[in-house]
1. Report, in whole Å, the centroid distance computed from the Cα atoms of the stretch A:103-132 and the stretch A:310-388.
2. List, by residue number, every residue in the stretch B:366-389 with a reduction of 30 Å² or greater in accessible area between the chain on its own and the complete protein assembly, 1.4 Å probe.
3. For the stretch C:115-204, rounded, prolate or oblate, judged on the Cα gyration tensor with a ≥ b ≥ c (square roots of eigenvalues), a/c < 1.5 rounded, else prolate if a/b > b/c?
4. For the pair C:I180 and B:K426, what calculated FRET efficiency results from E = 1/(1 + (r/R0)^6), where r is the Cβ-Cβ distance and R0 = 51 Å, to the nearest 0.05?
5. What size of dipole, in debye to the nearest 20, comes out for chain C about its Cα centre when the only charges are +1 on Lys and Arg C-beta atoms and -1 on Asp and Glu C-beta atoms?
6. In deg cm²/dmol, rounded to 500, what helix-only [θ] at 222 nm does chain C give when every DSSP H run of at least 4 residues adds -39500 (n - 2.57) and the total is split over its residues?
7. Any idea of the accessible area per residue across chain A, 1.4 Å probe, to the nearest Å²?
8. At a 1.4 Å probe radius, which order do A:R38, B:R26, B:R92 fall into by accessible area, largest first?
Amino acid sequence: MRKPGSRAEKGKKYFLKQRYGAYYDRLAPRPGKAPGERIPREDAELTHVGPGTPCGEYLRRFWQPCALSKEVQDRPKAIKILDEQLVLFRDRSGQLGCLELHCSHRGTSLEFGVPQERGIRCCYHGWLFDVDGTVLDTPTEAADSRLKEKLFHPAYPTHEHSGLIFIYMGPPERKPPFPIFDTYEVPGYHVMTGIPHVVPCNWLQLKENTADPIHIPILHQRISGHHFSGYRFDDSQMPEFDWVETPLGMISGLVGRSQDVVWVRWSEWIMPNIHQFHITESAGDCVVGTFCPPRATRWHVPVDNTHTIIFDYQRLLDKELDRAEAVLKSMGQRGDRPYEEQQRRPGDYEAQVSQRPIAIHALEHLGASDRGVILFRKLLRQQIRAVQSGKDPRGLQAMNGRPIATYLRNTSFVVPPKRDAAEDRKLWRELARKVAEEALGDSESRWKAKITTMPYQGAKSEFSG
Amino acid sequence: MRKPGSRAEKGKKYFLKQRYGAYYDRLAPRPGKAPGERIPREDAELTHVGPGTPCGEYLRRFWQPCALSKEVQDRPKAIKILDEQLVLFRDRSGQLGCLELHCSHRGTSLEFGVPQERGIRCCYHGWLFDVDGTVLDTPTEAADSRLKEKLFHPAYPTHEHSGLIFIYMGPPERKPPFPIFDTYEVPGYHVMTGIPHVVPCNWLQLKENTADPIHIPILHQRISGHHFSGYRFDDSQMPEFDWVETPLGMISGLVGRSQDVVWVRWSEWIMPNIHQFHITESAGDCVVGTFCPPRATRWHVPVDNTHTIIFDYQRLLDKELDRAEAVLKSMGQRGDRPYEEQQRRPGDYEAQVSQRPIAIHALEHLGASDRGVILFRKLLRQQIRAVQSGKDPRGLQAMNGRPIATYLRNTSFVVPPKRDAAEDRKLWRELARKVAEEALGDSESRWKAKITTMPYQGAKSEFSG
Amino acid sequence: MRKPGSRAEKGKKYFLKQRYGAYYDRLAPRPGKAPGERIPREDAELTHVGPGTPCGEYLRRFWQPCALSKEVQDRPKAIKILDEQLVLFRDRSGQLGCLELHCSHRGTSLEFGVPQERGIRCCYHGWLFDVDGTVLDTPTEAADSRLKEKLFHPAYPTHEHSGLIFIYMGPPERKPPFPIFDTYEVPGYHVMTGIPHVVPCNWLQLKENTADPIHIPILHQRISGHHFSGYRFDDSQMPEFDWVETPLGMISGLVGRSQDVVWVRWSEWIMPNIHQFHITESAGDCVVGTFCPPRATRWHVPVDNTHTIIFDYQRLLDKELDRAEAVLKSMGQRGDRPYEEQQRRPGDYEAQVSQRPIAIHALEHLGASDRGVILFRKLLRQQIRAVQSGKDPRGLQAMNGRPIATYLRNTSFVVPPKRDAAEDRKLWRELARKVAEEALGDSESRWKAKITTMPYQGAKSEFSG
């Protein structure tokens, strides 16, 4: 079998060449399609997350958020992360634990267990487990029983930070230090946890959105009417786009004009499944000519292959605290709206979830403006294969005692339009690159990154919506 | 493997020969049952409808209704027909389109797309598709991009007629003209569309009902107390039944007496999945001795292998318009009644859906009175195999510029009962045949059909219910 | 393949040897786990119940309750038992029938059939079936049709007893007499049927509870706060446990002290799926020093592999009739409580259902206190294999004209505690054995059973809850 993503496989992409041609499209041969199948299979290497899968093993090398601190108080909480059933609990001395859900004794769920002064006790026969999996007590066994010394209950290490509970599900001997990013404390902003919610599709299509600034002027501006009020580019001109690889992953840029101001908006992917971005809806802090920080740091954590839970830190100004709940519930990210409203004003939720439970790459037709998504998948595949071959993934080596520098910079320039539209667009791209290069060369950064040059021919200047 | 329906396979039909014999019945060998399986498999040749299946390819050779015209206005409508996910939309210039649901670009559902002056635009990155699948615009690509010329989005032709939207899902080069039947305009009647509804079982068991007039005096009369008030045969006598093959399919007859009147009721199957019949509930127009037209033309369109959507045209008299909604919601056709009522007064819905999601023919025991169902399956199988061998199916050649003649005739005769009951029954059958022969010989008909002679010994005259 | 339960397979039990070791636990080799699988498979030999499965065939050798008499009046009742779809009905002459759900003619469900003076008539085409499966009428066939003589509809024998409907689903020629146990009539008690309910897990984990008195002092006393008020052992001391094989199956004992009284509580397993026990909640009849009868006789009847329906007879005193409904709905047996209450006060339902839809024995770690469960599985496996090899299972030979003696005895002794705790525990165990031996030697018993000696080292005397 040829590896997905190889040139040979790409070469077989199917293009329907016929008007009213759906009849032939159904039965066309396609990469990833076994004989007799109608729909090609998903790219399992990038999308499957269970124990032992290539992507699952890669994601397990990083600390992952799995619940809010306030969700785990005196009762245990059953969770599913990376297709594993687990239970979180806090014992009465305050220790936080994450254990395999089913009791090692006879399989009863520990979500019905009772937290003790130390550890959690299964309700059925009373086995008592410490947060590291030590079996502390088997009360129905004889006093001299050594059964409890023979085994540990499966456990994962936990870490709490600013209201989120993180777990590390990878090989214990390779556990990395818990990473602190330089955006975790930003003067003038309050850090709050968003309201976690589960989205019924694969993690990858949610994450690819980060590498795809292109959907912003379409989905969030022209289609659904200016979701984001901060960077309101003129409707008459499509912005320019850009992508730059960084030591942590990549940044994806959007640059466009509104009268005399050129706005530069970068979003950042921190591998494997974090992104940082500006919530332009609340961009009251974006004063022309200054840098404004990422308002959100967001994790897309796979629940299983077809469900993903979203956690984030959001940064709010004093003046926004009154309407914090509205800000924390991001627009168009949830599936709880009436169907008619979903149709009339679709958001990320509708666009992404409807790509199927797991999007089928073999059915896509990518263009030049999809180079961000292509680069995203390439970088991800490299890291997955690196882990598979026994190497450490990129990003783990970053923690050395001080916050990790990140690369998102948003800003704007006052510069009147050039007469020639193409010249003006060239200017935009130069300004955006300049911002990226300065971010990557920042003296606070510990890495000097090679900027991947991705020349882009420029979007069309007209758009009939 | 022997073909289902072959004599050899039929020869192995299992007959349980033991009182209280369920224990042995479970484990009996049966046609269509693999070793280790308990329940034989369905007859896939007649019941599976997806792309590339024999029956699916046959059904795709005909225009199929898929929505009401009024259901597709300014918002797109996602549908599933023949196990394909599609979207219907109307652009702002009024063109109607039917496209593959998922965008060719990155797979987002076009049910969240926005109709434009011409075509529909995907919400995510703005690709714009015309009704024939032409890619009109890829707004985020460069102005000189030729990507959009490289492919078409999968599309199907559409046609609207009297409030229904039809699509043609077969090979484009074999697209037939849209058929107009001679019942589409009947003087004195208003044509209205019924209220479509999805029934959770395979299309075949709904359709076989057409070929089975036998259930009428049982289910609709004796069991559930005279669903149909028009042809109320005396309870003391079972009607006679008859079946005649026609150029379009077949007609199924029911003939019986009520005092001095002999009522003849034929129903018509127009291959592959239409039937026409008289809704005897509203038979106020059946004046003794006159012909009355079919009140309904009904399609059973497979949604997938285990769901079927029902569309129909219904013909109402002036005086019935007041209670049109009640008439259009046919009695006992829907599953929304309380369970106790379903049990106490079952209708077609309960009888058919409970045959299993796909009825298992290998478990049936058919008798002489099932010859209509047997003939129905035989004709269907012939057509499926004809298409599979590259031929055109029956019915396509019928359109030649004027309405297609159909063969349903309902009427009645005033004729006092003969003394001898068997003689009287013989008379009924002769009258029914006479009506059928006249229909088939009608000068308006373009075909002279050979009447398949199916002698029937006659039902029992007594019935203890 | 090695047989599950064999020594070789047991020898490969996996013990996780690492703190925070969940990562390695997931991928560990385990018995019952195919390559590439994460979770070992269930023990199919003991848990699968469909026709033709080893355990299913064993269970079919016994009369099984399937509904309350009062649930089957003038309407048929569809049921699923041992993974077979059936219908119960009562014809107008009062005969009770149990038939295969789907009509032999064309498969319509007989739950929509109409009971006649004799038999039940299918709603669709009127075939009429007697309670033994005889086809009494095929009304649409000709008067001289012999079709109905060619086959029987699949039927099972029925028996009604004290408000329960029983069916026998095994080989007809091996049908045993209906068993009457000596607990069916107990002077001073009213026999009532409990309220049947379906539990969403395999029958085995419900049944094993019988062989596991150990969960009582943990789940029902320490964890959830004294569900049972009758035998309230001191919290400071864990009771002793014991198991004794009987001719009918086994009894499981619990013995403990409350001040000067030593309480002996035995529960009884009558193979294959009955147990008898004292509902200690309503133990107002337990006068110190007297024997008190089992209050409940309970069947766990598999609906299918992952659902089980519970039927029981319960014995109430005059004074309990006022609150009969509360008594009949046993505490903690149902899943209809709010989730928070389930977590704060779990009962049998939470402990057992959360063992997974089918508990995975290969993941368990059993100790000395699980010898009852181990013995239970061993006895069950012996019987399943006996039936598989053509023998009759234990229990069938028991019916010889008078009620079958059963072996549950509950009682108590006034005896002050010994100074030495270990000596006192030894005394408890001796008292419990004495009660069991007397039961097994009862002159009313028809068998003299060999008591299986299972020395038990004694539970720990302390328990920190």
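The values are calculated or read from the model by the stated rules, or taken from the named source; none is laboratory data. All of these numbers come straight from a predicted model, not from anything done at the bench. Note: ideal-geometry Cβ built from the backbone for every residue, glycine included; neighbour counts use all protein chains shown. Calculation scope for accessible area: heavy atoms of the full protein, side chains included, ligands and nucleic acids excluded. Shrake-Rupley method; radii C 1.70, N 1.55, O 1.52, S 1.80 Å.
1. 38
2. B:S369, B:D370
3. Values: a/c = 2.43, a/b = 2.34, b/c = 1.04.
It is prolate, given that a/c is not under 1.5 and a/b is the larger ratio.
4. That gives a FRET efficiency of 0.25.
5. Numbers: 65 positive and 59 negative charges, 349 e Å.
Rounded to the nearest 20 debye, it is 1680 debye.
6. Computed ellipticity for chain C at 222 nm equals -4500 deg cm²/dmol.
7. Using a 1.4 Å probe on heavy atoms only, each residue of chain A averages 38 Å².
8. Details: A:R38 70, B:R26 25, B:R92 150 Å².
Heavy-atom accessible area, descending, gives B:R92, A:R38, B:R26.
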